[in-house]
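Inspection log for the structure reproduced underneath, given as structure tokens.
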Amino acid sequence: MSLQIYISGKYYDKDDAKISVYDHGLLYGDGIFEGLRSYGGKVFRLQEHLVRLYESAKAIWLTIPISIEEMTKAVNETLKVNNLSDAYIRLVVTRGAGSLGLDPNRTSNPQVIIIADKITLYPPEFYEKGLDIITASTIRNHPAALSPRIKSLNYLNNILAKIEGLRAGCIEALMLNSKGEVAECTGDNIFLVRRKELLTPPIDAGILEGVTREAVIEAARAAGLTVREIPLTRHDVYVADEVFLTGTAAEVIPVVKIDNRTIGNGEPGPVTRDLMKRFRELVRS
Ligand code: PXG
């Protein structure tokens, strides 16, 4: 049986899962999404992801046609229908099909799409040796233009930075905000370790409030580490003892080089390794 895709209450074979070319999600990137993961059949922090989804919807004046409880059921059911236990889940809510023109009042029926597929992981050597990344010249969206807290279908800001990274041979790229402060990577949040303290940019640096970021902050505090959410500069990154990234896809991944500068001694550090281990235990618990 081919992969079953959920679209607004019905399941379709992967090849038959289709959305109108008049959907404003396609025409204007007018919609929102979430990327989730399940481990052993259980979706990690499903409620947190769904709260963020419904808040993103509210921020763009989009009413999701089903309740958060119905969405919870639909996500779990999509996993079951596809017999998946360790999976990547992509949830998309579009504004729906309408006439041409920006006006969302001319659309009807927002579409809810749930794709549950096999997860493709980064090669293990990235976790063992650490990533080499660059700072992109593309700055993160200004929060007053399009808040990075909204996980919208407008991901071109991140894609442009990702292309800069890829063209430099890196799978991730660091993005700064309009003040020149460190914001986040294209699909991951960033943490520094400095003198046994964990430092990460605050939400008002213009970043996505990552679910993995929150889980790592909790795990670090439970392990007795001090965690501070403070504005950071590239200087802070370059002189850090350790750097790592967090995200649903990457989990916790060390960074050992940024802009051709070696971080710490050039190897994943002890705090990063410990948090990688704690995170793996957390998602399996
Ligand atoms: N910053 C940005 C800009 C992101 O898009 C994160 C940080 C990490 O957030 P979470 O909640 O995942 O810890 C993200 C997450 C995909 C995909 O398919 C993208 C993300 C997550 C999962 C899948 O591109 N972005």
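Per-structure values
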{"item": "Those residues of the range 92-120 which are within 23 Å of residue 5 (Cα to Cα) and assigned to a loop (DSSP other than H, G, I, E, B), in sequence order", "result": "95, 96, 108, 109, 110, 119, 120"}
{"item": "Any hit, the range 127-134, residues being more than 30 Å from residue 259 (Cα to Cα), more than 19 Å from the chain's Cα centre (by Cα) and more than 15 Å from the ligand (Cβ to nearest atom)", "result": "no"}
{"item": "Selection count where residues are acidic (Asp, Glu), in a strand (DSSP E or B) and open to solvent by 20 Å² or more (accessible area, probe 1.4 Å), scope the range 1-40", "result": "1"}
{"item": "Residue in the range 80-91 that is of a type outside the set (Val, Ile, Thr), farther than 24 Å from residue 122 by Cα and assigned to a helix (DSSP H, G or I) present", "result": "yes"}
{"item": "Residue match in the range 167-175 (condition: open to solvent by less than 60 Å² (accessible area, probe 1.4 Å), in a helix (DSSP H, G or I) and aliphatic (A, V, I, L, M))", "result": "no"}
{"item": "Cβ-Cβ under 6 Å pairs, at least 6 apart or on other chains, the range 45-67 side touching a residue at least 24 places away in the same chain (Cβ under 8 Å) and outside any loop (DSSP other than H, G, I, E, B), far side open to solvent by less than 20 Å² (accessible area, probe 1.4 Å) and within 12 Å of the ligand (Cβ to nearest atom)", "result": "48/211; 49/34; 49/36; 49/211; 53/34; 56/32; 57/32"}
{"item": "Number of the condition not met by residue 220 [criteria: (1) within 16 Å of the ligand (Cβ to nearest atom); (2) of a type in the set (A, V, I, L, M, F, W, C); (3) open to solvent by 10 Å² or more (accessible area, probe 1.4 Å)]", "result": "(3)"}
{"item": "Residue ID - surrounded by the most Cβ atoms within 10 Å (Cβ to Cβ), chosen from residues in the range 76-112 that are touching a Lys or Arg at 6+ places or on another chain (Cβ under 6 Å) and of a type in the set (Gly, Ala, Ser)", "result": "98"}
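The values are calculated or read from the model by the stated rules, or taken from the named source; none is laboratory data. What you see is a predicted model, and the numbers here were worked out from it, not measured in a lab. Here Cβ is always computed from backbone atoms with ideal geometry, including for glycine, and neighbour counts include all displayed protein chains. Surface accessibility is based on the protein's heavy atoms, side chains included, excluding ligands, DNA and RNA. Shrake-Rupley method; radii C 1.70, N 1.55, O 1.52, S 1.80 Å.
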